[in-house]
Amino acid sequence: MIRSYYVIAVTLALVAASTRMQAGDAISIAANGWTVTATPGQGRLTIAREGLGTLMRNVRLGLRGAPAFSGWSAERLEGGRLSIKTVRPRTGWMLQLAPDAFIISGTSSDGILTAEAPAPPDRIVARTMDPQGVPVDWIGTPEVSTDYGGSVTRNRSHLPRRNPDVLYFALGQISASTLHSLFDRQTDTAIDFTSETVLTRSTKDPDLLTVTMPVPGNSIIFVIPEYFTKTLGVPYYVPFDDRVFRHAPMVWSSWPSYYDAVREEDIVSNTDWLAANLKPYGFQYVQLDDGYDRDAQGRHYWIENWDRHKFPHGPQWLTSYIKSKGLRAGIWLVPNAYAGALREHPEWYLRYKRNGSIVRDYQTPALDATNPQVLEQVRKIMATLDDWGFDYYKFDGEHALARYIPGVDLTKLYNQRADLVENYRARVKMIRETVGPNRFIEGCPAGTPLNGIGYFDSYFNGQDVYENWQGMHPLFSAINANAFLNHLVVYVMPGEGVELGLPMTVEEARLKRPKVVTEIQRNREDPFTGLGLTDAEARTAVTYVSLTGVVYPLASIMSELPRERVELLKHTMPALPILPVDLFSRGGETRFDLFKHTQADYYIHNYPEILDLKVNAASGVYDVVGLTNWQSAPATRTLNFAEKLGLDPAREYVVFDFWNQELLGVFKSGLLAEIGPHDTRVLLIHPKLDHPQLVGLSRHISGAYSIRELTWDPAESQLRGTSDSVAGEPYSLFVYVPRGYRTAGVQLSAGAATMRQDPRQGMLVISFPGRSEPTKWAIEFGKK
């Protein structure tokens, strides 16, 4: 009996030793997808998550303002818990591995956790949806409802409680004290730290973040799997593959300026202008949007009924002409509909239950996509268009018609057992395989779910624009509602085109535009106020497209644009590989009848007043901030750097006004900005350094595009860089020169530079003619 008790006692002691580790021994605990490894001898933890790998490493627990702990011990407990105790000082901690949550508790309200969090380009800093914020609806166009009596897809979203007036984006690997979450792009998983956590990008390793998380007794880190699909309501999540299209395209559409009255000479004249003026700035696509193949009843044939009166040379000549100018050709069509087989194959078409009549999509008989013969015909259409030389396709009315149009007779389908959504995805996959990965495909889902994700390159999930300030609100609404999708699952097409023409009266519009243009606009706006934008409105439009990274659409009659409007385009092209930081919809209303009867000043929306593009590029680490006044009266805004932008309140910042090309000065906590009606001020806000620094460019609004490399050589007192420029166009560098420095000279790898400086402002401007080759430059400074 004594021997038995002795054996039991020894066994219990060994078990205790195996679960209570000290010195250099490591102890691991795994539960609910988490794995935590503690190394008491080093006083460190590693926290990993199934499917995500390491979430944090070199994790240390401590007390605010106190020295590092010593005398660590760790013990496994039941229920997925790990107990940690320290001797100096005496503290206790409990780590609980709950489903989708890591809970940490401590004996002190001054507790703090510090760590390193891997954050490579596929694990981005984010602001996730705040379920306690003001509710809004993410919706697209009401087309499926107004045209077919179907239901518009609505998904509930929420505005953030903190900084709802700010919309954040990123160019490069960024961080800010206002951002407390990560999003793993490959797994559709969000990681939410506490709102007091500070994530700081490492200056030595861009793939690492330093984590500082207060633990005032208790704190929780949440993991949100299937974030896009389960939280945001996106029907599918496929990480966007940007190997072919590294950034969103720039495309001109014929629709808003011509509608279906477009002619061959209109495409040619706009192509000529775009090639001569914007091709050097990266412009790519010219898209023919409708008006090329209708019969007397308005039906479409796509490849069989080209209007030889309006397009006398035919489609192949047109694509060849566009390509001869160094651009690419695009075309609009509705692959769900086709009038060419109605007589020979009436069984190919969808019909209504009530009377057996054929369903029409864009006035054209709609196809039964469950029929293999129909899919073969669609494949033939796409193969033919591809052979003709089109590189860009805009698909309208693009959804599973039999699923979302009420009243379709499902008993007449070729395959009555088909899963209509999966059948739709198989059809889109077939189209993608037909045209290949190098063709850009834009989808317009007509207010239905985005079921083509994984196959489309962009989605237009908004309402049509028209050619004045109020007509640009659908574009702003599309960005506001859908920017969270951009470059993560698809690119966002915000509308057919930014209008940049000068204001013209209704009478002038009647003389200068096809009759259909003024008729449609009169139907969309009451009273019809005319066409065109003011200079301020044009600045706002191009700013919002350029700084958000969405597709850059144009639709003006390009030859009408005055020089100053062309300069706006040159300063905001090309589109850049910008990612959203705010991963939620801000909502938005897109009903035509609302816009028709509501003037812009009375339109209630959730547009941001501050657009913050955070940059980490060769040009530096800084913020490009757009301050917008959406109203028709001047406004004064206060910009608090720490509160709104998440900048370090202890530092000073050099602020450069991009549109005015001037230095505003050095500021610390914030600034006041005067903003004209419908205008947007764009400020580049750089942390002030102790030596001369580049703070702006003439070339691009971002201050980043065109800078290949940038360094400060303290030994030589030289600011050096390499810039891309446009041949024959002036290129300027704006450099802040702090007190104690004087400019000694500038050297270029080719050509000569001019130098202009204002010592009182501390601004130096270096200008030189653009070249087709990169220009290396070095600015020499001396001490005063």
TODO: State the number of residues belonging to region 106-119 that are open to solvent by 50 Å² or more (accessible area, probe 1.4 Å) and part of a loop (DSSP other than H, G, I, E, B).
DONE: 3
- [ ] Evaluate region 227-246: report whether one residue or more is under 19 Å from residue 497 (Cα atoms), open to solvent by 20 Å² or more (accessible area, probe 1.4 Å) and not aromatic (Phe, Trp, Tyr).
- [x] no
- [ ] Report the residue count in region 753-772 for those that are exposed (fewer than 11 other Cβ atoms within 10 Å of the Cβ) and under 14 Å from residue 729 (Cα atoms).
- [x] 1
Task: Residue in region 204-216 that is part of a strand (DSSP E or B) and among the basic types (Lys, Arg) present - done: no
TODO: Kindly provide the set of residues from region 134-171 that are under 27 Å from residue 120 (Cα atoms) and assigned to a strand (DSSP E or B), ordered by number.
DONE: 166, 167, 168, 169, 170, 171
- [ ] Consider residue 518 carefully, then state whether it is open to solvent by 80 Å² or more (accessible area, probe 1.4 Å), modelled with pLDDT under 95 and β-branched (Val, Ile, Thr).
- [x] no
TODO: Would you list the helices (runs of 4 or more DSSP H) that sit entirely within region 456-550 and hold 3 or more residues that are touching a residue at least 40 places away in the same chain (Cβ under 8 Å)?
DONE: 473-482, 515-524, 535-546
TODO: Would you check which residues across region 262-276 are open to solvent by less than 40 Å² (accessible area, probe 1.4 Å) and part of a helix (DSSP H, G or I) and list them?
DONE: 264, 266, 267, 268, 270, 271, 273, 274, 275
TODO: Identify all residues within region 120-132 that are among the β-branched types (Val, Ile, Thr) and surrounded by 22 or more Cβ atoms within 10 Å (Cβ to Cβ); write none if there are none.
DONE: 125, 128
Task: Residues satisfying the stated conditions in region 685-701, i.e. part of a loop (DSSP other than H, G, I, E, B) and either on the phi > 0 side of the Ramachandran plot or not acidic (Asp, Glu) (or both) - done: 688, 689, 691, 692, 698, 699, 700, 701
TODO: Go through (1) more than 24 Å from residue 676 (Cβ to Cβ); (2) in a helix (DSSP H, G or I) one by one and return the number of the condition residue 553 breaks.
DONE: (2)
Open item on the list: Condition first: within 19 Å of residue 442 (Cβ to Cβ), more than 19 Å from the chain's Cα centre (by Cα) and part of a loop (DSSP other than H, G, I, E, B). Can you find one or more residues in region 241-253 that meet it?
Closed with: no
- [ ] Go through the residues of region 358-370 one by one and say whether even a single one is of a type in the set (D, E, K, R), at pLDDT 95 or above and open to solvent by 10 Å² or more (accessible area, probe 1.4 Å).
- [x] yes
Task: Matching residues, region 78-105, being more than 15 Å from residue 38 (Cβ to Cβ), in a strand (DSSP E or B) and open to solvent by less than 70 Å² (accessible area, probe 1.4 Å) - done: 98, 101, 103, 105
TODO: Sort out for me the strands (runs of 3 or more DSSP E) sitting completely within region 559-662 that have 3 or more residues that are within 24 Å of the chain's Cα centre (by Cα) and not basic (Lys, Arg).
DONE: 610-617, 620-628
Open item on the list: Which residue is farthest from residue 151 (Cα to Cα), if the candidates are limited to region 588-603 and must be without any contact (Cβ under 8 Å) to a residue 24 or more places away in the chain and out of contact with any helix residue (DSSP H, G or I) (no Cβ under 9 Å at 6 or more places or on another chain)?
Closed with: 602
Open item on the list: Can you list residue pairs whose Cβ atoms sit under 7 Å apart, with the first residue in region 393-419 being surrounded by fewer than 18 Cβ atoms within 10 Å (Cβ to Cβ) and assigned to a helix (DSSP H, G or I) and the second being at pLDDT 95 or above and of a type in the set (Gly, Ala, Ser)? Count only pairs 6 or more apart in sequence or on different chains.
Closed with: 410/402
Task: Filter result (crowded, with 18+ Cβ neighbours inside 10 Å and among the basic types (Lys, Arg)) within region 297-309 - done: 299
Task: Filtered residues of region 540-584 (kept if of a type in the set (Gly, Ala, Ser), within 30 Å of residue 134 (Cα to Cα) and open to solvent by 10 Å² or more (accessible area, probe 1.4 Å)) - done: none
- [ ] Residue by residue through region 426-455, note down the ones that are touching a residue at least 24 places away in the same chain (Cβ under 8 Å), charged (D, E, K, R) and open to solvent by 30 Å² or more (accessible area, probe 1.4 Å).
- [x] 429, 439
TODO: Only one of these is under 30 Å from residue 396 (Cβ atoms), in contact with a Pro (Cβ under 9 Å, 6 or more places away or on another chain) and basic (Lys, Arg): 156, 88, 127, 64. Name it.
DONE: 156
Task: Residues of region 712-730 satisfying the condition of being out of contact with any helix residue (DSSP H, G or I) (no Cβ under 9 Å at 6 or more places or on another chain), in a loop (DSSP other than H, G, I, E, B) and open to solvent by 50 Å² or more (accessible area, probe 1.4 Å) - done: 714, 715, 716
Task: Extreme residue, surrounded by the fewest Cβ atoms within 10 Å (Cβ to Cβ), among residues of region 521-539 that are in contact with a helix residue (DSSP H, G or I) (Cβ under 9 Å, 6 or more places away or on another chain) and hydrophobic (A, V, I, L, M, F, W, C) - done: 528
Task: Of the criteria (1) surrounded by fewer than 20 Cβ atoms within 10 Å (Cβ to Cβ); (2) in a loop (DSSP other than H, G, I, E, B); (3) touching a strand residue (DSSP E or B) at 6+ places or on another chain (Cβ under 9 Å); (4) touching a residue at least 24 places away in the same chain (Cβ under 8 Å), which one residue 744 fails - done: (2)
Open item on the list: Just to verify a result, which residue in region 30-50, among those that are part of a loop (DSSP other than H, G, I, E, B), at pLDDT 95 or above and in contact with a strand residue (DSSP E or B) (Cβ under 7 Å, 6 or more places away or on another chain), is most open to solvent (accessible area, probe 1.4 Å)?
Closed with: 32
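A quick yes/no check of all residues on (1) closer than 30 Å to residue 279 by Cβ; (2) at pLDDT below 95:
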position: 721; (1), (2): yes, no
position: 724; (1), (2): yes, no
position: 731; (1), (2): yes, no
position: 734; (1), (2): yes, no
position: 739; (1), (2): no, yes
position: 750; (1), (2): yes, yes
position: 757; (1), (2): no, yes
TODO: Can you tell me which residue within region 133-167, out of those that are over 29 Å from residue 443 (Cα atoms) and touching a His at 6+ places or on another chain (Cβ under 7 Å), is most open to solvent (accessible area, probe 1.4 Å)?
DONE: 134
Open item on the list: Every residue in region 585-607 that is surrounded by 24 or more Cβ atoms within 10 Å (Cβ to Cβ) and either over 23 Å from residue 467 (Cα atoms) or at pLDDT 95 or above (or both), please.
Closed with: 585, 586
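The values are calculated or read from the model by the stated rules, or taken from the named source; none is laboratory data. The structure displayed is predicted, hence computed values, not measured ones. Neighbour counts run over all protein chains shown; Cβ positions are idealised from the backbone, glycine included. In case anyone asks, the SASA skips ligands and DNA or RNA and just uses the protein heavy atoms, side chains included. Shrake-Rupley method; radii C 1.70, N 1.55, O 1.52, S 1.80 Å.
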